Amino acid sequence: MTKKLLASVMAFALCQFMLATDMIVKQKNGEIKKFNVEDVEEVIFEGSTIPVEDSTIVDESETPLKFKILSDSTVEVINDDSYRDALIDTIPIPSKVRIDGKVYSVTTIGEGAFRSCSGLTSIKIPSSVTTIEYAAFSWCSGLTSIEIPNSVTAIGQYAFGGCSGLTSIKIPEGVTAIKDSTFSDCSGLTSIEIPNSVTSIGDKTFYGCSSLASINIPENVTSIGWYAFKGCSGLASINIPEGVTYIGYSAFSGCSSLTSISIPESVKSIVAGAFDGCSSLEPRLLVYDNGTKCYGWIGSEEECTSVVIPDGVKEIGDYAFYKIFYGLTSVTFPESLESIGEMAFAGCDKLTTAELSSNLKTLGYGAFMYCKKLDLIINASEADVNVGENAISDCKSVTWLK
């Protein structure tokens, strides 16, 4: 309602109440004017309006949500059993809320805010929100759709973990990291859009997402964490972009449908078991960096019984054949080999003989730890090799030939 309308109504009401036909107006300059009410069609106050209240403002009493004041102007939605127990199927999150007469912007979905709201099926997050905290929607098993606005720049660990009904999701531009367990156990998830702003995929990010058939890893990603895609049994192919330097332990283990995978030469570290249980992949040694580094074995580990490290390989990576390779009985090392990484053959307790060349310079921590049946021959002087702690202490025997 504008001032001119309000003035008209008030003037009319006043005149009617007084049963008068004249309206007297005193101007700023002191001049008094008299008008016949019957001749007045509209009273206009130019240049002024009465402000209309923002329709996006919701009073705290009008929503089941609970809030925590973060600053003079912002609040977060917090965990509360009252709306969890109500089994509400959808909860509108306001962009602004009035608390004790003061208006605040809703900027954060707090830690565990909607955790285990099993009746919740859909939710829309307003563009005022910038942060979704740890476990905010975890175990909302009935949640089938959620719209995340572009204003969101941070999504916490386990934010959607256990949302088994969620089938697809789009992560907004501006999010730079998909953190640990963000979508773990989302067994119904079939597709996800990841923006180019993302640079890392954390531990267990997509753990147990058994329906995920394909995923595009953005070109700016540099690391893939431990167990990141473990148990993604529906994943048939994946392209790891140039720029990724690290693939964590068991990152793709249990991806039994995975038939092809492209690994760029930018990768400098692949932790053991990264492809454990990928039985559909052609079993092979993983060797690249222009053929100078061996990262272990891809595919069925049952077929990894006797390994020949090819000529030209100078380094065997950390955890390359770590204890998952229970059947490994022999390894042939090339003359070119200079370094064996930490825990590279630790736990290979069926390994009986191995001979290392005179070019060997480094044996990393625990390189042959727990290889209790191993007779190890080293064609070098003990003084010329940097031997890490417990690298060869568990071997049945160690012979230095120089």
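Quick check on packing: order 56-68, 113-125 by the mean number of other C-beta atoms within 10 Å, highest mean leading.
Values: 56-68: 14.6, 113-125: 18.8.
Descending mean neighbour count gives 113-125, 56-68.
Find the relative contact order for segment 178-281 and round it to a whole percent, using C-alpha pairs within less than 8 Å whose residues are 6+ positions apart. Provide the component values of the computation, followed by the final result.
On the way: 326 pairs, mean separation 22.8, N = 104.
Reported relative contact order: 22 percent.
In what sequence do Ile316, Ile93 fall when counting other Cβ within 10 Å, fewest first? It would help to have the intermediate numbers written out before the result.
Working: Ile316 25, Ile93 19.
Ordered by Cβ neighbours within 10 Å, fewest first: Ile93, Ile316.
Tell me, what is the percent relative contact order of the chain, built from C-alpha pairs under 8 Å that lie six or more residues apart?
6
Sorted from fewest to most neighbouring beta carbons within 10 Å, what does the list Asp185, Asp72 look like? Intermediate results must be reported in sequence, preceding the final value.
Values: Asp185 22, Asp72 7.
Sorted ascending by nearby Cβ count, the order is Asp72, Asp185.
Lys/Arg Cβ at +1, Asp/Glu Cβ at -1, dipole of the chain taken about the Cα centre: which of Gly161, Cys348, Cys232 is farthest positive-ward?
Farthest towards the positive end: Gly161.
Need the C-alpha centroid separation for segment 177-208 versus segment 264-282, integer Å.
So the two Cα centres are separated by 19 Å.
Rounded, prolate or oblate: pick one for segment 178-281, where a ≥ b ≥ c are the square roots of the eigenvalues of its C-alpha gyration tensor, a/c under 1.5 means rounded, and failing that, prolate if a/b is larger than b/c, else oblate.
Values: a/c = 1.41, a/b = 1.12, b/c = 1.25.
Rounded, since a/c falls under 1.5.
For Ala236 and Asn150, calculate 0.36 nm times their separation in residues minus their Cα-Cα distance, and state this gained length in nm to one decimal. Show your work: numbers first, answer last.
Numbers: separation 86, 0.36 × 86 = 30.96 nm, distance 3.00 nm.
Gain on extension, Ala236 to Asn150, equals 28.0 nm.
Using unit Cβ charges (K, R positive; D, E negative) and no other charged atoms, how large, in debye to the nearest 20, is the dipole of segment 54-166 about its Cα centre?
Values: 8 positive and 14 negative charges, 39 e Å.
Roughly 180 debye, rounded to the nearest 20.
How large is Rg/Rh for segment 54-166, to two decimals, with Cα atoms and a Kirkwood Rh? Could the numbers behind the result be given before it?
Working: Rg = 13.1 Å, Rh = 13.9 Å.
Rg/Rh: 0.94.
Rounded to the nearest 500 deg cm²/dmol, what is the calculated helix-only ellipticity per residue at 222 nm for the chain, with -39500 (n - 2.57) per DSSP H run of length n ≥ 4? Could you put the intermediate results ahead of the total?
Details: 2 runs with 21 residues, N = 402.
Helices in the chain give a 222 nm mean residue ellipticity of -1500 deg cm²/dmol.
Would you please give the residues with an amide H less than 5 Å from that of Thr190, counting only those at least 5 places away or on a separate chain, with H modeled from the backbone geometry?
HN-HN under 5 Å from Thr190: Ser168.
Compute the signed sum of charges (Lys and Arg +1, Asp and Glu -1) over the other residues within less than 9 Å, Cβ to Cβ, of Leu374. Could the numbers behind the result be given before it?
Details: positive: Lys372, Lys373, Lys396; negative: Asp349, Asp375, Asp394.
Local charge sum for Leu374: 0.
Quick one: which residues, 5 or more positions from Tyr319 or on another chain, have an amide H under 5 Å from its amide H? H modelled 1.01 Å from N in the peptide plane, none for Pro or chain starts.
Amide H neighbours of Tyr319, under 5 Å, 5+ apart: Glu342, Met343, Ala344.
Computed FRET efficiency, Cβ-Cβ of Glu338 and Ala213, R0 56 Å: what is it to the nearest 0.05? Kindly include the intermediate steps, with their values, before the conclusion.
Working: r = 42 Å, r/R0 = 0.75.
Result of the calculation: an efficiency of 0.85.
In degrees, nearest 10, range 0 to 90: what is the angle between the Cα axis of helix 3-18 and the longest Cα principal axis of the chain?
30
Stretched out fully, how many nm does the piece from Glu173 to Thr259 gain, at 0.36 nm a residue minus the Cα gap? If you can, show how the numbers build up before the last one.
Working: separation 86, 0.36 × 86 = 30.96 nm, distance 3.05 nm.
This chain segment gains 27.9 nm when fully extended.
Relative contact order, percent, of segment 302-402 when contacts are C-alpha pairs under 8 Å separated by at least 6 residues?
On the way: 299 pairs, mean separation 23.1, N = 101.
It comes to 23 percent, rounded to a whole number.
What is the projected area of the convex hull of the Cα atoms of the chain, averaged over all directions, in nm²? Spell out each step's value before the answer.
On the way: hull surface 120.6 nm².
Taking the Cα atoms of the chain, their convex hull projects to 30.1 nm² on average.
Once you have a ≥ b ≥ c as the square roots of the Cα gyration tensor eigenvalues for segment 105-205, tell me rounded if a/c is under 1.5, and otherwise prolate or oblate according to whether a/b is larger than b/c.
Working: a/c = 1.44, a/b = 1.11, b/c = 1.29.
Since a/c stays below 1.5, the shape of segment 105-205 is classed as rounded.
Explain nothing, just compute: Karplus ³J(HN,Hα) = 6.51 cos²θ - 1.76 cosθ + 1.60, θ = phi - 60°, for every residue of segment 219-227 in order, whole Hz, x for Gly and Pro.
5, 8, 5, 10, 9, 10, x, 4, 6
Please list the non-local residues whose amide H lies under 5 Å from the amide H of Leu376, H modeled 1.01 Å from N, same-chain partners needing a gap of 5 or more.
Ser397, Val398, Thr399
Can you work out the Karplus-derived ³J(HN,Hα) for every residue in segment 255-266? Use 6.51 cos²θ - 1.76 cosθ + 1.60 with θ = phi - 60°, whole Hz, and x for glycine or proline.
Values, residue by residue: 7, 5, 8, 5, 9, 8, 8, 10, 10, x, 6, 5 Hz.
Counting Lys +1, Arg +1, Asp -1, Glu -1, what net charge surrounds Val244 among other residues with beta carbon under 13 Å of its beta carbon? Mind dumping the intermediate values first?
Details: positive: Lys268; negative: Glu219, Glu242, Glu265.
With Lys, Arg at +1 and Asp, Glu at -1, the net is -2.
Taken together, the values in this text are just the output of simple stated rules run on the coordinates, not laboratory data. Predicted model, so just to flag it, every value in this text is computed and none were measured. Every residue, glycine as well, gets a Cβ built from its backbone with ideal geometry; the counts of neighbours run over all protein chains shown.
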